[in-house]
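Working notes, structure below.
The values are calculated or read from the model by the stated rules, or taken from the named source; none is laboratory data. Everything numeric here is computed off the predicted structure, so don't read it as measured data. FYI the Cβ positions are ideal-geometry reconstructions off the backbone, even for glycines, and counts take in every protein chain you see. What goes into the accessible areas is simple: the full protein's heavy atoms, side chains included, and nothing from ligands, DNA or RNA. Shrake-Rupley method; radii C 1.70, N 1.55, O 1.52, S 1.80 Å.
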Amino acid sequence: MRALLVDLALEEQDKFDHPRQTPEQIERGMPPLRTTFTGENHVFAARDGDGATVGVCWCVLFDPGTGLEGEVAELYVRPDARSRGLSTRLLHEAMALFRSRHVTFACVWTRDDNPAALAAYRRAGFGPTEQKVLTWLPL
């Protein structure tokens, strides 16, 4: 199983714009495979001068058995608190969490019709991917 995952990583790395690794580097960086799935929720809040929450960034850390991954699950700033840099500060905290926990991959989902969110995520270091995301929703 592990050898197949190394082969997959080798084959897939040619399709992405990031540093190439040898089979040995991939093997060394691959954690032991486990049958369990673990995860954590982390929520960062932005507050106004009165202490009211005006923004939130919810992050999820999870290890599907191949290394710790992260997701910015939700980012929201109330309309009356926007244009003050709150999303940038919230995402700064999220990225600090990802770095401190040595996340191997992080993602965020947003829509093309949300230019403010796209700009905030790009400022935080996220970029478009070469992968196509397909979703399944139960009927």
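Which condition number in (1) within 24 Å of residue 126 (Cα to Cα); (2) touching a strand residue (DSSP E or B) at 6+ places or on another chain (Cβ under 6 Å) is the one that residue 11 fails?
The number of the failed condition is (2).
Across segment 113-130, which residue is most open to solvent (accessible area, probe 1.4 Å) among those that are in a loop (DSSP other than H, G, I, E, B) and under 21 Å from residue 98 (Cα atoms)? Quick ask: steps written out before the conclusion?
Keep residues of segment 113-130 that are in a loop (DSSP other than H, G, I, E, B), which gives 113-114, 124-130.
Filter again for under 21 Å from residue 98 (Cα atoms), leaving 124-129.
Values: 124: 20, 125: 64, 126: 31, 127: 55, 128: 111, 129: 78 Å².
The qualifying residue most open to solvent (accessible area, probe 1.4 Å) is 128.
Go through (1) closer than 30 Å to residue 89 by Cα; (2) in a loop (DSSP other than H, G, I, E, B) for residue 20 and report which single condition fails.
Result: residue 20 fails condition (1) only.
Do you know which residues across segment 85-112 are more than 19 Å from residue 45 (Cβ to Cβ), open to solvent by less than 80 Å² (accessible area, probe 1.4 Å) and within 11 Å of the chain's Cα centre (by Cα)? If you could, list the steps in order and put the result at the bottom.
Our first condition is that a residue be more than 19 Å from residue 45 (Cβ to Cβ); within segment 85-112, this holds for 99, 101-107, 109-112.
Now narrow it down to the ones that are open to solvent by less than 80 Å² (accessible area, probe 1.4 Å): 103, 106-107, 110.
103, 106, 107 - these are the residues of segment 85-112 that are more than 19 Å from residue 45 (Cβ to Cβ), open to solvent by less than 80 Å² (accessible area, probe 1.4 Å) and within 11 Å of the chain's Cα centre (by Cα).
Restricted to segment 7-66, and to residues that are aliphatic (A, V, I, L, M) and either out of contact with any helix residue (DSSP H, G or I) (no Cβ under 7 Å at 6 or more places or on another chain) or modelled with pLDDT under 80 (or both), which residue is least open to solvent (accessible area, probe 1.4 Å)? Working first, answer last.
If we filter segment 7-66 for residues that are aliphatic (A, V, I, L, M), which is where we start, we get 8-10, 26, 30, 33, 43, 45-46, 52, 54, 56, 60-61.
Subset that is either out of contact with any helix residue (DSSP H, G or I) (no Cβ under 7 Å at 6 or more places or on another chain) or modelled with pLDDT under 80 (or both): 8, 33, 43, 45, 52, 56, 60-61.
Working: 8: 91, 33: 70, 43: 98, 45: 55, 52: 43, 56: 48, 60: 31, 61: 1 Å².
Result: 61.
May I ask you to list pairs of residues, at least six apart or on different chains, whose Cβ atoms are under 9 Å apart, with the first in segment 7-27 being in contact (Cβ under 8 Å) with a residue 24 or more places away in the chain and the second being open to solvent by less than 60 Å² (accessible area, probe 1.4 Å) and assigned to a helix (DSSP H, G or I)?
These pairs meet every condition: 27/6.
I'd like to verify a number: residues in segment 88-123 that are within 16 Å of residue 56 (Cβ to Cβ) and among the basic types (Lys, Arg), how many?
1
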